[in-house]
């Protein structure tokens, strides 16, 4: 029964993460109709995307510490209900400031509470199957991104407005969030959950801080995650508009292509890579790091090709290959961090990790927006090549953990099924 329950829990989390992702993706996918209707400039639009990440970065340390202290399932359910209400209200935004308040802040703030609690909960329930479980969860993120292109296209085609996408998906999120809370209550009543006194005894701010910032291997592992977030933020914020403008295709075609080819490939690779990682890490504990470093090195030129390619088919190929390598990297992004973080500090560590990632990653949309206003399409091309360069620098840093610090910092746990 217990083994089945942890997979039931994972299935619910995947559904919530799917909703989370579509709500996050809609801003970039609907850039052209939003800008046309509201008059938001490219630089302002870059700021809208960056404020999403600043909000996340400022709130997520608190969210991580809350996740280490209180019932993670209740945190997740309430957060899902909250951001879904805000997503529905975003459909009524009228200009830059209302978009800033509703989309960049009000949707993002409750979303910050999801990641730390969800990933720590999965890591606690899965030890021997950790990379597989976290990979399945991350796959839901990818499904959300490539499905979001179809959601945006359908909203524009059927509903005739970008507003309908926000309203309809906000209502869908309310339904799944409520279902999760009801299921959590039933588990508690049936005695299947942990007793309240055992739900993540508080490790304290100082302990969580030290577990992350005073561990060299954790910081080096974080560098790869930060670079991948930087590249991903730039890609999802500007990829659809870049392709539409450069190749003269509709926003629906550009958005669907940019998201589908990339995230479909990432979805396929993360499941395979996660399974492989869980198998080989038993014999070689540094295997996850080696896999991640290889993915970062290979992805570096691919983003340059995405920006500089002169034919649309080459762009789709680059988007797909980048997706394959991103999925390979992200199959281990939390598992490799948790290899060197004690169990009672993991939600807090995810919070601190996302502070750094959010602050650094938030600069990518502004960078590309500024390059676009100053140099046009060529500026965007240079911007995507710069995203690839960030991955190369991170690969060098992660190599330091692989070669020098990981064996000393590794947390040994008893493997389960």
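Each reported figure results from applying straightforward, stated rules to the coordinates on display, with no laboratory input. Note that the coordinates shown come from a computational prediction; the quantities given were computed from them, not determined experimentally. In this analysis, Cβ positions are derived from the backbone assuming ideal geometry, glycine residues included, and neighbour counts consider all displayed protein chains.
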Taking one equal scatterer on every alpha-carbon of the range 126-189, how large is log10 of I(q)/I(0) by Debye at q = 0.17, 0.19, 0.21, 0.27 1/Å? -0.81, -0.89, -0.95, -1.05
Which value, in Å³ per residue, describes the convex hull spanned by the Cα atoms of the range 99-165? 88
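Counting helices only, and only those DSSP H runs with n ≥ 4, report the 222 nm mean residue ellipticity of the chain as the sum of -39,500 (n - 2.57) divided by its residues, in deg cm²/dmol to the nearest 500. Walk me through the intermediate numbers first.
Working: 19 runs with 331 residues, N = 417.
Helices in the chain give a 222 nm mean residue ellipticity of -26500 deg cm²/dmol.
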Bin width 5 Å, origin at 0, all Cα-Cα pairs of the range 1-110: what percent of pairs per bin? 2, 11, 19, 21, 17, 11, 8, 5, 3, 1, 0, 0
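Relative contact order, percent, of the range 2-406 when contacts are C-alpha pairs under 8 Å separated by at least 6 residues? Working shown, then result.
Details: 699 pairs, mean separation 114.4, N = 405.
Relative contact order comes out at 28 percent.
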Run the Debye formula on the Cα coordinates of the range 219-274, all scatterers equal and no solvent, and tell me log10 I(q)/I(0) at q = 0.16 1/Å. -0.61
Mind grabbing the base-10 log of I(q)/I(0) for the range 305-417 at q = 0.17, 0.22, 0.23 Å⁻¹? Debye formula, identical points on the C-alpha positions, no solvent, two decimal places. -1.02, -1.34, -1.39
Cα-projected label distance for residue 359 with residue 213, points at 7 Å along beta-carbon direction, nm: 0.9
Once both axes come from the Cα atoms, what is the angle between helix 377-400 and the longest principal axis of the chain, in degrees from 0 to 90, rounded to 10? 20
What is the helix-to-structure angle for 251-280, meaning the angle in degrees between its Cα long axis and the longest Cα principal axis of the chain, kept from 0 to 90 and rounded to the nearest 10? 20
Give the span of the chain's Cα atoms along each principal axis, as three whole-Å numbers ordered largest to smallest. 55, 47, 34
Alpha-carbon radius of gyration plus Dmax, which is the widest Cα pair, for the range 205-350 in Å: 17.3, 53
Using a basic spin-label model with each label point 7 Å from the Cα along Cα→Cβ, how many nm lie between residue 43 and residue 58? 2.1
Quick one: helix 2-29 against the long Cα principal axis of the chain, what's the angle to the nearest 10°, folded into 0 to 90? 20
